[in-house]
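The values are calculated or read from the model by the stated rules, or taken from the named source; none is laboratory data. Owing to the predicted nature of the structure, the values given are computational and were not obtained by experimental measurement. Don't worry about glycine lacking a Cβ; one is built from the backbone with ideal geometry, like all the others, and counts go over all protein chains shown.
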Amino acid sequence: MNDGPASNARWLYESPFYSDVEAKLRRFLVDLGNADRILGVQVCAYKDGHVLIDTAAGVLGKHDPRPVQPDSLFPVFSATKGITAGMVHWLADKGYIFLAYMALCHGMK
């Protein structure tokens, strides 16, 4: 793999901390990078409309040594399945859809 945080000062993108959780995540990412367990990553998390985490680390690819930044693009495949499942469960929790009814209707086909 490419140089991790131990030998590359630019491995972790310089940005302000939004929370204590982000500080812990960055330490964890540095540990993963030093152990050659991660190449590049972006993490962004919101809670109640506020940013809790917005960090980037590593490089864009095995053969692309450019640093990952918050606006870097990655090719992603099948990533929307988890998002869709999460939204379905959120809608069910809010009472907008009823999973048992949907399963019953689907089973009757």
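For ALA57, the test of being surrounded by 12 or more Cβ atoms within 10 Å (Cβ to Cβ), under 18 Å from ARG10 (Cα atoms), among the small types (Gly, Ala, Ser) and touching a Lys or Arg at 6+ places or on another chain (Cβ under 8 Å) is passed. Considering the stretch 1-30 alone, what residues qualify as being more than 17 Å from PRO67 (Cβ to Cβ) and either β-branched (Val, Ile, Thr) or in a helix (DSSP H, G or I) (or both)? Within the stretch 1-30, ASP20, VAL21, GLU22, ALA23, LYS24, LEU25, ARG27, PHE28 qualify.
Right, GLY33: in a strand (DSSP E or B), at pLDDT 90 or above and more than 20 Å from SER19 (Cβ to Cβ) or not?
No; evaluated as a whole, the condition is false for this residue.
Determine if the stretch 3-16 includes at least one residue that is under 14 Å from the mean Cα position of the chain (by Cα), loosely packed, with under 15 Cβ neighbours inside 10 Å and either at pLDDT below 95 or acidic (Asp, Glu) (or both). Step through it out loud before you land on a result.
Going residue by residue through the stretch 3-16, those that are under 14 Å from the mean Cα position of the chain (by Cα) are none.
Looking through the stretch 3-16, none of the residues is under 14 Å from the mean Cα position of the chain (by Cα), loosely packed, with under 15 Cβ neighbours inside 10 Å and either at pLDDT below 95 or acidic (Asp, Glu) (or both).
Scanning the stretch 73-86 for residues that are under 17 Å from CYS44 (Cα atoms) and of a type in the set (A, V, I, L, M) turns up LEU73, VAL76, ALA79, ILE83.
Restricting to strands (runs of 3 or more DSSP E) lying wholly in the stretch 36-109: which have 3 or more residues that are free of Cβ contacts under 8 Å to residues at least 40 places away in the same chain and either closer than 30 Å to ALA6 by Cβ or not assigned by TED's automatic domain parsing to the domain that holds ARG10 (or both)?
Numbers: elements: 40-47, 50-61, 64-67.
Filter on the stretch 36-109 gives 40-47, 50-61.
Among the residues here, ARG26 qualifies as charged (D, E, K, R), surrounded by 15 or more Cβ atoms within 10 Å (Cβ to Cβ) and under 16 Å from the mean Cα position of the chain (by Cα).
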